[in-house]
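Trainee: Quick one: structure below, then a few questions.
The values are calculated or read from the model by the stated rules, or taken from the named source; none is laboratory data. Predicted model, so just to flag it, every value in this text is computed and none were measured. Glycine also receives a Cβ, built like all others from the backbone with ideal geometry; neighbour counts cover every protein chain displayed. Heads up: the accessible areas ignore ligands, DNA and RNA and are worked out on the full protein's heavy atoms, side chains in. Shrake-Rupley method; radii C 1.70, N 1.55, O 1.52, S 1.80 Å.
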Amino acid sequence: MASGSGDDDVQVKNKQVILKDYVSGFPKESDFYINTNGTIKLKVPEGSIGVVVKNLYLSCDPYMRNRMKKAVAGSYIESFKPGSPISGYGVAKVLDSSHPDFKKGDLVWARTGWEEYSLLTNLVTLNKVLHTDVPLTYYMGILAMPGLTAYAGFYEVCSPMKGEYVFISAASGAVGQLVGQFAKLLGCYVVGSAGSKEKVDLLKNKFGFNEAFNYKEEPDLDAALKRYFPEGIDIYFDNVGGKMLDAVLLNMRVNGRIAVCGMISQYNLHNPEGVHNLMHLISKRIHMEGFLVFDYYHLYPKFVEEMLSYIAEGKIVYVEDIAEGLENCPAALIGLFTGRNVGKQIVLVARE
């Protein structure tokens, strides 16, 4: 579609979430500020290929904590730039396009700026919302990066089989809640850990886990795992690392699998905790593998087809925690690291 003209040349105000500087230790709301003086033209610049979008929803994800640090050699993702708007996944509406695949009015999900309007010229992450019979927010969770992370991590990395014993940490989060439901659909015995009574109840009553426990109420994690897994753990889907991973290693079964998805317990520490029980990898012939969702994007069409079917049949449910207003983005993001959110954390920026 050709770029628009006339009113689109007018500069409009564009509120933005700015990172002040690289963050060491636990992030605070004061590490960010809201820039109310930003402006943008709602038209793709002449000669550029891209789209201008109005951001509707923004996604808060734990991996974003690592983007608040200065990138180190071997980092898989670039750091945020202090003094500039931060970015992440979001759902948006196209206002102007110079790309033939996108037109004004299209709903898209993409990596976008934490701001009211964005000019997107890196179109690799730009995808049309093809199924509008599900909530738009699903394109930041169950049908997007967290959903594919759960799907690939469980089915591809863990190679699960019916009847196996599965443990998931941070089990009520954007990824964990799906892994548990996939495991139940396969006929596994599933236990999850979370950080509050409300989340434990959710795991058992909403997501259908066999058991769940509040790790904050367990002074001895090894004893807790032995209570729920007297015969040991076949599959551990790790979202937290640290002391929980150490305790799980003591309780793995021979030929067990550990998918290392995240280590949220370590992200804000100056000195990450060591893991002491790695010897069990040898004696129990455990396969422990880290993975990135980017390596599994080729599975996305198959994944979406299966997920839409599960959603339509009521076999999978998804819980979201939606904050409202761009100015509440910093608090929503930081809340991930204190466990304040219940389910997938999203911020509503604007209604269509």
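Trainee: Take the residues of the range 55-86 that are of a type in the set (Phe, Trp, Tyr) and assigned to a loop (DSSP other than H, G, I, E, B): which is modelled with the highest pLDDT?
Mentor: Step by step, filter the range 55-86, then rank; the result is Phe80.
Trainee: So, one more: Considering only the range 62-82, state which residues are β-branched (Val, Ile, Thr) and open to solvent by 30 Å² or more (accessible area, probe 1.4 Å).
Mentor: Answer for the range 62-82, where residues must be β-branched (Val, Ile, Thr) and open to solvent by 30 Å² or more (accessible area, probe 1.4 Å): just Val72.
Trainee: Hey, Tyr155 hits all of (1) closer than 18 Å to Gly339 by Cα; (2) out of contact with any helix residue (DSSP H, G or I) (no Cβ under 6 Å at 6 or more places or on another chain); (3) hydroxyl-bearing (Ser, Thr, Tyr) but one; which does it fall short on?
Mentor: Result: Tyr155 fails condition (1) only.
Trainee: Next question, about the same structure. Please go through the range 160-178 and pick out each residue that is surrounded by fewer than 24 Cβ atoms within 10 Å (Cβ to Cβ) and outside any loop (DSSP other than H, G, I, E, B).
Mentor: Tyr165
Trainee: Being open to solvent by 10 Å² or more (accessible area, probe 1.4 Å) and within 18 Å of the chain's Cα centre (by Cα) is the filter here, so list the residues in the range 182-206 that pass it.
Mentor: If the condition is that a residue be open to solvent by 10 Å² or more (accessible area, probe 1.4 Å) and within 18 Å of the chain's Cα centre (by Cα), then Gly195, Lys199 are the ones that fit.
Trainee: Within the range 105-127, identify whether any single residue is modelled with pLDDT of 95 or more and among the basic types (Lys, Arg), and answer yes or no.
Mentor: no
Trainee: Now, a different point. Name the single residue, out of those in the range 43-54 being in a loop (DSSP other than H, G, I, E, B), touching a residue at least 24 places away in the same chain (Cβ under 8 Å) and out of contact with any Gly (no Cβ under 8 Å at 6 or more places or on another chain), that is surrounded by the most Cβ atoms within 10 Å (Cβ to Cβ).
Mentor: So the residue we want is Gly50.
Trainee: In addition: Please go through (1) surrounded by fewer than 17 Cβ atoms within 10 Å (Cβ to Cβ); (2) within 21 Å of Ile34 (Cβ to Cβ) for Asp101 and return the number of the only condition it doesn't satisfy.
Mentor: (2)
Trainee: Within the range 227-281, can you find the residues that are touching a Lys or Arg at 6+ places or on another chain (Cβ under 9 Å) and hydroxyl-bearing (Ser, Thr, Tyr)?
Mentor: Tyr236, Ser265, Tyr267
Trainee: Pairs under 7 Å by beta carbon, first residue over 23 Å from Trp114 (Cα atoms) in the range 313-330, partner open to solvent by 40 Å² or more (accessible area, probe 1.4 Å) and part of a loop (DSSP other than H, G, I, E, B), six or more apart or different chains?
Mentor: Val317/Lys206
Trainee: With the requirement that a residue be buried (at least 22 other Cβ atoms within 10 Å of the Cβ) and part of a loop (DSSP other than H, G, I, E, B), what does the range 104-135 give you?
Mentor: Listed by number, the residues that qualify are Trp114, Leu126.
Trainee: Among the residues of the range 178-206, what is the count of those that are touching a strand residue (DSSP E or B) at 6+ places or on another chain (Cβ under 8 Å) and of a type in the set (S, T, N, Q)?
Mentor: 2
Trainee: Name the residue, out of Val23, Val10, that is within 30 Å of Glu273 (Cα to Cα), modelled with pLDDT under 95 and either hydrophobic (A, V, I, L, M, F, W, C) or open to solvent by less than 80 Å² (accessible area, probe 1.4 Å) (or both).
Mentor: Step by step, each of Val23, Val10 is checked, and only Val23 is within 30 Å of Glu273 (Cα to Cα), modelled with pLDDT under 95 and either hydrophobic (A, V, I, L, M, F, W, C) or open to solvent by less than 80 Å² (accessible area, probe 1.4 Å) (or both).
Trainee: Let me ask you something else. Identify all residues within the range 205-226 that are of a type in the set (D, E, K, R) and closer than 16 Å to Ala171 by Cβ; write none if there are none.
Mentor: Lys206, Glu211, Lys216, Glu217, Glu218
Trainee: List the strands (runs of 3 or more DSSP E) inside the range 215-300, counting only whole elements, that have at least 2 residues being free of Cβ contacts under 8 Å to residues at least 60 places away in the same chain and open to solvent by 70 Å² or more (accessible area, probe 1.4 Å).
Mentor: 252-260
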